[in-house]
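**Q** Below is a structure I'd like to ask you about.
The values are calculated or read from the model by the stated rules, or taken from the named source; none is laboratory data. These numbers come from a predicted model, not from an experiment. Cβ atoms come from the backbone with ideal geometry, glycine included; neighbour counts cover every protein chain shown.
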Amino acid sequence: MFSNASWRNMFSDFFHHLTDLIYPKNPLIKRLETLGGTGLLKELPASKLSHINMRAVFAYKDKSARALIWEIKYRANKKLLRSAAEAMLLEIGGVRPENGLFLIPIPMHKDRRRVRGFNQSALLVEAMLEKDTSLKNGEGLIEKVRKTQPQSTLQREERRKNLAGAFRVVDSKAIAGREFLLVDDVTTTGTTFAEISKVLKEAGAKKISALALAH
């Protein structure tokens, strides 16, 4: 007997294969999928972001890295999600805290998620959890309670003001004393990571780090 999740995955795979037949992918996406299938996606230009608590895997200025992000962000490409998850897991390494490391995808406002149909950061976390069962799912511990302007349209100081008070902890008891890794597809100034980290610290988080697929 197949579980509901198995049926959903089978249907999703079939739907994506059908979509690819009707709307063929461009050569760059096919190349990225091939690289991912052979474990060579990690050969894309690496991000130079180097911060003790914030890292990124790929350099967003690279054409292939941007194509990877957009394919995940707007098409939820399952092949590339799996490959991206592998690259992100390599970045964080295999050492885990005694009480577990909780992955928190950057939450979207419910209205925006309804329009897009999915949260790409949550899909990245889901793919990471499938590949490494020692990690724990922190989705739902933080929620976005206020609509904001797209960060990409704003300057650094405007970004900070834009996100002030936009996130809240759902259950403080689930936060206190635990370690968290915030996960997003792209980071630019780190403002989103910083705002959510502040909220988690106020709720008693022991340690917070952040990882983006690209910077």
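**Q** Only one of 133, 191, 187 is of a type in the set (Ser, Thr, Tyr), under 25 Å from residue 60 (Cα atoms) and either free of Cβ contacts under 8 Å to residues at least 12 places away in the same chain or in contact with a strand residue (DSSP E or B) (Cβ under 7 Å, 6 or more places away or on another chain) (or both); which?
**A** 187
Here's the yes/no breakdown for (1) touching a Lys or Arg at 6+ places or on another chain (Cβ under 6 Å); (2) closer than 22 Å to residue 213 by Cβ; (3) not charged (D, E, K, R):
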| position | (1), (2), (3) |
| --- | --- |
| 121 | no, yes, yes |
| 125 | no, yes, yes |
| 130 | no, yes, no |
| 141 | no, yes, yes |
| 148 | no, yes, yes |
| 152 | no, yes, yes |
| 169 | no, no, yes |
| 174 | no, no, yes |
| 182 | no, yes, yes |
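**Q** Oh, and also: Residue under question is residue 160, and the condition is that it be touching a Ser or Thr at 6+ places or on another chain (Cβ under 7 Å) and either of a type in the set (Phe, Trp, Tyr) or more than 25 Å from residue 75 (Cα to Cα) (or both); does it hold?
**A** Considered against the rule, which asks whether it is touching a Ser or Thr at 6+ places or on another chain (Cβ under 7 Å) and either of a type in the set (Phe, Trp, Tyr) or more than 25 Å from residue 75 (Cα to Cα) (or both), residue 160 comes out as yes.
**Q** Residue 153: touching a strand residue (DSSP E or B) at 6+ places or on another chain (Cβ under 7 Å), hydroxyl-bearing (Ser, Thr, Tyr) and under 21 Å from residue 112 (Cβ atoms), yes or no?
**A** No: the conditions fail for residue 153.
**Q** I'd like the residue in the range 199-215 that is small (Gly, Ala, Ser) and part of a strand (DSSP E or B) and, out of all such residues, is nearest to the chain's Cα centre (by Cα).
**A** In this case the residue turns out to be 212.
**Q** Let me ask you something else. Counting just the residues of the range 17-40 that are surrounded by 15 or more Cβ atoms within 10 Å (Cβ to Cβ) and modelled with pLDDT under 90, which one comes out farthest from residue 198 (Cα to Cα)?
**A** If we take residues in the range 17-40 being surrounded by 15 or more Cβ atoms within 10 Å (Cβ to Cβ) and modelled with pLDDT under 90, then 25 is farthest from residue 198 (Cα to Cα).
**Q** Restricted to the range 114-150, and to residues that are under 14 Å from residue 76 (Cα atoms) and charged (D, E, K, R), which residue is surrounded by the most Cβ atoms within 10 Å (Cβ to Cβ)?
**A** 126
**Q** Every residue in the range 50-92 that is crowded, with 17+ Cβ neighbours inside 10 Å and among the β-branched types (Val, Ile, Thr), please.
**A** If the condition is that a residue be crowded, with 17+ Cβ neighbours inside 10 Å and among the β-branched types (Val, Ile, Thr), then 57, 69, 72, 92 are the ones that fit.
Matching residues to (1) in contact with a helix residue (DSSP H, G or I) (Cβ under 6 Å, 6 or more places away or on another chain); (2) closer than 12 Å to residue 103 by Cα:
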position: 130; (1), (2): no, no
position: 136; (1), (2): no, yes
position: 147; (1), (2): no, no
position: 157; (1), (2): no, no
position: 182; (1), (2): yes, yes
position: 185; (1), (2): yes, no
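**Q** Still on this structure: For residue 8, indicate whether it is part of a helix (DSSP H, G or I) and either closer than 30 Å to residue 174 by Cα or modelled with pLDDT of 90 or more (or both).
**A** For residue 8, the condition - part of a helix (DSSP H, G or I) and either closer than 30 Å to residue 174 by Cα or modelled with pLDDT of 90 or more (or both) - is met.
**Q** Now for a separate question. Within the range 147-158, can one find any residue that is modelled with pLDDT of 95 or more and either under 19 Å from the mean Cα position of the chain (by Cα) or β-branched (Val, Ile, Thr) (or both)?
**A** no
**Q** Looking only at residues in the range 41-72 that are assigned to a loop (DSSP other than H, G, I, E, B) and of a type in the set (A, V, I, L, M), which one is modelled with the lowest pLDDT?
**A** My answer is 52.
**Q** Output the residues belonging to the range 112-132 that are at pLDDT below 95 and of a type in the set (D, E, K, R).
**A** Those that are at pLDDT below 95 and of a type in the set (D, E, K, R): 112, 113, 114, 116.
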